[in-house]
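Have a look at the structure below, then the notes.
The values are calculated or read from the model by the stated rules, or taken from the named source; none is laboratory data. Just so it is clear, the structure is predicted and the values come from calculations on it, not from any experiment. Methodologically, a virtual Cβ is constructed for each residue, glycine included, from the backbone with ideal geometry; neighbour enumeration extends over all protein chains shown. Surface areas here come from the heavy atoms of the whole protein model, side chains and all, with no ligands, DNA or RNA. Shrake-Rupley method; radii C 1.70, N 1.55, O 1.52, S 1.80 Å.
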Amino acid sequence: MPTPSNYLLASLPAAVLGVLAQHLHTVTLAQDTVLAEAGDLMTHVYFPHGGVISLVVSLAGGETIEVAKIGRNGVLGAAAAFEGRQALSRAIVQLPGMASVIDFEQFRRIAEQSAELRNAVVRHGQFVFAQAQQSAACNAAHGVEARLARYLLQMRDLSGSDNLLLTQEVSAQMIGARRNSVSLVSNTLQHAAIIRYSRGNVEILDLDGLRKAACECYATVRAHEQRLLY
């Protein structure tokens, strides 16, 4: 099997990857597709090769806030193999891409026989938890511009593209901000030639400038990623 573009799969020993590969198939992750609702029993495990899956929490008032992201660095649904099978949050495709998919029960059987696979899943679960912690702190303590810059950088890292199919409304929901606040901040970043915004699309023009606009949370999550996943 060629080296996968999903980093978690690529990190596995060849023998373990070979067993998984016999049961994987490729699917397209279409934007806005809901892969799981909180409380659902997982039926499949997803290894994204591109695109971004957001783990979000919905509040009684209708707000939907992102707590973590999964992209080509990770996996959706694997931790449920050891935690009762239930999804703990809503999983929605924010940026489209491709993914390798395996039946949940088949994945669990393989994981039971592979300490390397179990360890990779545990480390990824720790990373998702670290993201969620940092996201909560970020939304409570940092301004809209810093949060939006952090969000766009993370989406860029996971998608591998400077062009992001994102509306201001979705961006506002994911960072827990009002849409008009995100619109004002986007205009500021656009006037500074850091991003270019057109309806439903954000293009990053000045990566260094966007990093300077972001809060410390971007670097903190990157450090967790490097420590736990690579």
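A few notes on this one:
- Heavy-atom surface of the stretch 3-84, accessible at 1.4 Å and reported per residue (Å²): 43 Å²
- The stretch between Lys212 and Leu41, if pulled fully straight at 0.36 nm per residue, gains 57.5 nm over its current Cα-Cα span.
- Rolling a 1.4 Å probe across the protein heavy atoms gives the stretch 146-216 an accessible surface of 47 Å² per residue.
- Percent RCO, i.e. relative contact order, over the chain, from Cα pairs under 8 Å lying at least 6 residues apart: 22 percent
- Within the accessible area of the chain, the carbon and sulfur atoms contribute 51%, probe 1.4 Å, all protein chains present.
- Each Lys and Arg Cβ is given +1 and each Asp and Glu Cβ -1; about its Cα centre, the stretch 106-210 then shows a dipole of about 380 debye.
- With Cα atoms, 0 to 90° folded angle of helix 179-191 axis to the chain main axis: 80 degrees
- Tilt relative to the chain, helix 115-141 - C-alpha long axis, 0 to 90 degrees, to 10: 20 degrees
- Folded to 0 to 90 degrees: helix 216-229 orientation relative to the chain principal axis, Cα: 10 degrees
- Computed E for Thr188/His25 - FRET, C-beta separation, R0 41 angstrom, nearest 0.05: 0.40
- Pairwise centroid distance, computed over Cα atoms, of the stretch 143-198 with the stretch 63-122, Å: 26 Å
- Exposure rule at most 15 other beta-carbon atoms within 10 Å, DSSP loop GluC sites (Glu not before Pro): the chain longest free segment: 84-230
- Across the chain, Cα-Cα distances exceeding 31 Å account for 20% of all pairs.
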